[in-house]
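These notes concern the structure reproduced below.
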Amino acid sequence: MQILSIHLKNIKSHRDTELSFSPGINVLSGPNGIGKSTIFEAIGYALFGVDAQSFVGNVERFITIGAKRGDISLVFQIGDEEKFRVSRTVGTPSKWLLAKEVSGDFEVEEHKDAKETEARLKELLGLNNGRSLSEQFTLVIGPFQNEFLGPFVIKQATKRRDEFDAILGIDTWRKTFNETRHLASAIKSKVESLQSAIGPLKDQAAALPEIRETHKGAKQELENTDKELKEKGRELKTLEGQLVEVDKREQSVKTLAVEIEKLKERIDNGKEKIASQKTLIGEAEKAQKIVTENTAGKQAFELADEQLAGLRGQVRLQRQLEQDVATLDKQVSTLTERYDSEVRAIEQISKELDNEEQELIKRRQELAADKSLLQLVGRLPEIRESINTVRAKVGTLDGRRAGLEEGCEKLAEGICPFFQEPCQNIAEKPPGDVFTEKYDELQVERELVSAELTRLEKEEGEALAASNQAKAFEGQIKGLDEQAEKLAGKRKINEDRSAGLGELRQKQTEAKRRLEEKLQALKVYSSLQSDIERAEAKQKNHQVARDLYVANQVQAAKLEGLRTELQKFEDFLEKLQNDLTGKENELSAVGKEYDADQHQKLRAQKDELGREVGALEQKVEGLKRDVERLAGEIEKLMQIEGEIKTKQVQIKTYGEKEELVKFLRNRVFKKVSENLSERFRDEISHRANRIYRIIAEVDEELAWGDNYQIVLRDMVEDELRERADDQLSGGQTMSAVVALRLAMLQTIGARIAFFDEPTSNLDAARRENLAHAFRAIDVGKEEVTEHWYDQLFLISHDVAFTEVTDQILTLE
């Protein structure tokens, strides 16, 4: 088995780290805190299923700061060909996947859960020895050196024994022996508890025969009572049938008597109704006579009423015409007043506009600009351009003077500053005379130009003042133009207003014409009031006749209907009298078949029989409850009998278990742990002794004594000397611990192992010997090992391993 590579992403200090391993010995090197131990932890987490909390206490600390999850992927090889990749995530959700290489790609194997994944890895790693992969890694294959050294330095023998029993996986037997110490007494207590519980149950079960006899008697009584109840029920049913027939006869008699009383009452009501109807007919005949006598007067009243309605309609028309006349008269007055007012307003506005126009003309003449002023304004750009030209010329003259001053300074006494020889340009005149003449010429020219510049600047000032004045005139003229434009708009509005006077005049004329037409129409209604008064007098003369007609008209109209209803009432009364005679005859016949005394006797018999049946039903219900209660008690007692039998069987079973526990504790558990411990210590001591001799290069024998104590034996003056615990140096203890761990790895058959600083506390010679011992373990040289190790992983800063290692991985 060989680990080929590992990839860590967001695991502690490893943001994204990938390492490849070689067969044999792989040494991880680098400064402290770089993450060497994290590589071992990652292998334990991914390949052996160790919980991250075993390394850091809190899972979040196993993940790189700032990341939400971490990933570890490890590729390993079984044999020469089969390759697998195991990957496990840190964080939520956590996934543990195993994939097998097929045609260059890794295909994930389907596992039900993490236990199935662990079982598959145990099979591949050859570590299927009954212990979890996590325990094998943390105890033997990959513990940190201080963790593996810890049990060796425990002073108390019992605690040290318990620690190594757990490491070797044989602590279960001793724990079983200790934990079963109280099992026998617990079984005995259970038996006593069962026996004490059986006594009261037997006392309860003793009442079962008596209760069964009582239950039998109750069932017999229930049967007899139920039989009697059925006989009484049949008698009651027969009697109820007879009563039904008699009740029907009684009901018939009562029904006929009620019907006869109702018929008599209806006949009396009918007679009263006929008398009342005859009174109404008399009153209707009188009303009919009054209506006949006043028909002519009523018709004359209606004719006068029709005339009045027509006249009143004409009154409404007259009033409407009067309203129209008033409205038109008001409209004519309004239009006349409006027309006159509009004429006056138009004339006033026209005068005001003429005055404003004259004022504008006068102000425009005052603002007319001087021609010389405009010419001066026009020359302003030309003057400014001349000023710029003269200023440039002044600058040029100043530059020439500065150049002369610089040349005068450089030439000094006529020596050329470049060639260091007399200057040929001024050979005829001294330098001072040449520059003095030039200075004078430039001074004269500059004064002339300065005078010109002064004159131009004065003209610019005058032109600028003229420009400002012209701009002020332009603004005022522009304002006058805007006022003239507004004045023209007002004049146009006044002219439009004057044109609208014709339309207003036309409306005034039309209103007068319509007013005259309405006044002519009113003349038609001049005699209307006298006509109304004549019609009202005629109506008043016939008012009494009309009122009598109206008051009796409804009553007279009912006469014929009242006579018809009277005939119906008389016919119906005759029918009721015939029905009364028939019902009286039927009651006489039915009364002969009905005997009230016999009917009362039958009712009394039925009530008595009903009470007897009710009492029997209550008795049956009570007996049923008693039978059910007794049956329940019998069932409970039978269950108690079954419980007694069950407890007796349990007592027997617990007795057999007690004997078995005694046998196992005294014959098996007590000796197995000691025997296994002795066997493991002998085998591991044998292998560790050979490794220790190579590391230490001394003639000492290493033995793993009772309670896992490190013992070194040697000969001193022909006498055997044994040293242990505090008698050993740190180097001796560390050499022995490393040798014992290597031997332990060989014993459990591990093909890979991890060592963290295995040379700590060793001197130089022992460190070099240990390195060669590791190499011998790898290649099988010398008589150090009986197994062939596939890979060893070490964390070390020791140069002793540089010569024997197959690969050194330096972490940056």
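If you keep only loop residues by DSSP, which trypsin sites (Lys or Arg not before Pro) in the stretch 150-242 have at most 15 other Cβ atoms within 10 Å of their Cβ? Could you put the intermediate results ahead of the total?
Working: sites: Lys155, Lys159, Arg160, Arg161, Arg174, Lys175, Arg181, Lys188, Lys190, Lys202, Arg212, Lys216, Lys219, Lys227, Lys230, Lys232, Arg234, Lys237; in loops: Lys155, Arg181.
Counting only loop positions with at most 15 other Cβ atoms within 10 Å, the trypsin sites (Lys or Arg not before Pro) in the stretch 150-242 are Lys155, Arg181.
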**Request:** Net charge near Gln195: determine it from the other residues with C-beta under 12 Å of the C-beta of Gln195, scoring Lys and Arg +1 and Asp and Glu -1.
**Result:** +4
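For the pairs Lys254/Lys601; Lys330/Lys523; Lys68/Lys100; Lys330/Lys486, note any where the Cα-Cα span goes beyond 31 Å. Could you put the intermediate results ahead of the total?
Values: Lys254/Lys601 19 Å; Lys330/Lys523 20 Å; Lys68/Lys100 28 Å; Lys330/Lys486 38 Å.
Violating the 31 Å Cα-Cα cut-off are Lys330/Lys486.
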**Cβ-Cβ FRET estimate between Glu757 and Ser54, R0 fixed at 22 Å, reported to 0.05** = 0.70
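Which percent of the accessible heavy-atom area of the stretch 511-597 goes to carbon and sulfur, probe 1.4 angstrom?
On the way: 3140 of 6240 Å².
It is 50 percent, rounded to a whole number.
Dipole of the stretch 491-540, Cα-centred, from +1 at each Lys and Arg C-beta and -1 at each Asp and Glu C-beta, to the nearest 20 debye? Please list the in-between numbers first.
Numbers: 13 positive and 9 negative charges, 26 e Å.
That gives a dipole near 120 debye.
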**Complete:** Counting sequence-distant residues (5 or more places) and residues on other chains, those with an amide H built under 5 Å from that of Gly35 are none
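Please report, in debye to the nearest 20, how large the charge dipole of the chain is about its Cα centre when each Lys and Arg carries +1 at its beta carbon and each Asp and Glu carries -1 there.
Numbers: 126 positive and 152 negative charges, 848 e Å.
The calculated dipole for the chain is roughly 4080 debye.
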**Selection of GluC sites (Glu not before Pro), the stretch 90-178, meeting DSSP coil and at most 15 other Cβ within 10 Å** = Glu109, Glu110
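Expressed in nm to one decimal, what extension gain is obtained for the pair Lys492 and Val444 from 0.36 nm per residue of sequence separation less their Cα-Cα distance?
Numbers: separation 48, 0.36 × 48 = 17.28 nm, distance 7.21 nm.
Stretched fully, the Lys492-Val444 segment lengthens by 10.1 nm.
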**Prompt:** Using alpha carbons only, what's the Rg to Rh ratio of the stretch 591-728 with Rh from Kirkwood?
**Reply:** 1.88
**Asked** Rounded to the nearest 500, what is the chain's calculated 222 nm mean residue ellipticity when only DSSP H runs of at least 4 contribute -39500 (n - 2.57) each, over all residues?
**Response** -25000 deg cm²/dmol
**Request:** Note the full-extension length gain between Gln323 and Lys671 as 0.36 nm times their separation in residues minus their Cα-Cα distance, in nm to one decimal.
**Result:** 111.1 nm
**Request:** Under 21 Å Cα to Cα from Lys575, which lysines show up? Leave out anything in the same chain fewer than 8 places away.
**Result:** Lys262, Lys264, Lys271, Lys273, Lys278, Lys583
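At most 12 other Cβ atoms within 10 Å and a DSSP loop assignment: could you name the GluC sites (Glu not before Pro) in the stretch 572-638 that fit? Please list the in-between numbers first.
Numbers: sites: Glu574, Glu584, Glu586, Glu593, Glu608, Glu612, Glu617, Glu621, Glu628, Glu633, Glu635; in loops: Glu593.
In loop regions of the stretch 572-638 (DSSP not H, G, I, E or B), the sparsely surrounded GluC sites (Glu not before Pro) are Glu593.
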**Fill in**
Farthest towards the positive end of the dipole of the stretch 498-656, among Val544, Ala556, Gln618 and with Cβ unit charges of +1 on Lys and Arg and -1 on Asp and Glu, lies the Cα of Val544
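Once you charge only the Cβ atoms, +1 for Lys and Arg and -1 for Asp and Glu, what is the size of the charge dipole of the stretch 39-117 about its Cα centre, to the nearest 20 debye? Write down the numbers at each step before the final one.
Working: 10 positive and 14 negative charges, 96 e Å.
With only Lys, Arg, Asp and Glu charged at Cβ, the dipole is about 460 debye.
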**Prompt:** Setting aside same-chain residues fewer than 8 positions from Lys115, which aspartates and glutamates have a Cα under 18 Å from its Cα?
**Reply:** Asp51, Glu123, Glu135
**Request:** Enter the per residue convex hull volume of the stretch 445-594, computed from alpha-carbon coordinates, in Å³ rounded to the nearest integer.
**Result:** 497 Å³
**Asked** Shape of the chain from its Cα gyration tensor (a ≥ b ≥ c, root eigenvalues): rounded if a/c is under 1.5, otherwise prolate when a/b > b/c, or oblate?
**Response** oblate
**Request:** Could you tell me whether the stretch 179-324 comes out rounded, prolate or oblate from its Cα gyration tensor? Rule is a ≥ b ≥ c as square roots of the eigenvalues, rounded for a/c under 1.5, then prolate if a/b exceeds b/c, otherwise oblate.
**Result:** oblate
**Message:** When a/c reaches 1.5 or more, the comparison of a/b and b/c decides; with that in mind, is the stretch 55-180 rounded, prolate or oblate per its Cα gyration tensor?
**Reply:** prolate
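Among Met638, Met744, Met715, Met1, what's the order by accessible area (1.4 angstrom probe), most exposed first?
On the way: Met638 100, Met744 0, Met715 125, Met1 30 Å².
Correct descending sequence by accessible area is Met715, Met638, Met1, Met744.
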**Request:** Sticking with the crude label model, points 7 Å out along Cα→Cβ, report the distance from Arg15 to Thr92 in nm, one decimal please.
**Result:** 2.7 nm
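May I ask you to give the percent of accessible area on the stretch 1-133 that is carbon plus sulfur, with a probe radius of 1.4 Å? Before the final figure, lay out each step's value.
Details: 2910 of 6600 Å².
With neighbouring chains kept in place, the figure for the stretch 1-133 is 44 percent.
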**Message:** Among DSSP bridges having both ends in the chain, what percentage is antiparallel? Round to the nearest 5.
**Reply:** 75 percent
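Taking R0 as 45 Å, what's the FRET efficiency between Leu404 and Ala465 from their Cβ-Cβ distance, rounded to 0.05?
E(calc), rounded to 0.05, equals 0.65.
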**Fill in**
Filtered hits (lysines, Cα-Cα < 25 Å from Lys438, offset >= 8 within chain) -> Lys393, Lys410, Lys429
**Prompt:** Picking from Gly705, Val738, Leu720, whose Cα lies most toward the positive end of the charge dipole for the stretch 674-755 (charges on Cβ: Lys, Arg +1; Asp, Glu -1)?
**Reply:** Val738
**Computed label-point distance, nm, for sites Leu720 and Ser5 using a 7 Å Cα→Cβ extension** = 5.6 nm
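Take the Cα pairs of the stretch 147-210, get the Kirkwood Rh, then feed it into Stokes-Einstein at 20 °C and 1.002 mPa s and tell me D in µm²/s. Before the final figure, lay out each step's value.
On the way: Rh = 15.9 Å.
The Stokes-Einstein estimate is 134 µm²/s.
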**Asked** Taking the stretch 453-520 as the region of interest, what is the percent of Cα-Cα pairs per 10 angstrom bin, listed from the shortest bin to the one with the maximum distance?
**Response** 16, 17, 15, 14, 11, 9, 7, 5, 4, 2, 0
**Mean separation of Cα contacts under 8 Å (6+ apart) over length of the chain, as relative contact order %** = 26 percent
**Message:** Using a probe radius of 1.4 Å on heavy atoms only, what accessible surface per residue do you get for the chain? Whole Å² is fine.
**Reply:** 61 Å²
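If each residue of separation counts as 0.36 nm, what is the full-extension length gain between His797 and Asp571 once their alpha-carbon separation is subtracted? Write down the numbers at each step before the final one.
Values: separation 226, 0.36 × 226 = 81.36 nm, distance 14.24 nm.
Between His797 and Asp571, full extension yields 67.1 nm more.
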**Message:** Going 7 Å from the Cα of Ser252 along its beta-carbon direction, which residues of the stretch 585-607 have the amide nitrogen within less than 12 Å of the resulting point?
**Reply:** 586-595
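The values are calculated or read from the model by the stated rules, or taken from the named source; none is laboratory data. Keep in mind that this is a model prediction, so the values were computed, not measured. When we count neighbours, we look across all protein chains shown, and the Cβ atoms used for this are built from the backbone with ideal geometry, even at glycine. The protein model used for the area step is the full one, side chains on, heavy atoms only, and it has no ligands, DNA or RNA in it. Shrake-Rupley method; radii C 1.70, N 1.55, O 1.52, S 1.80 Å.
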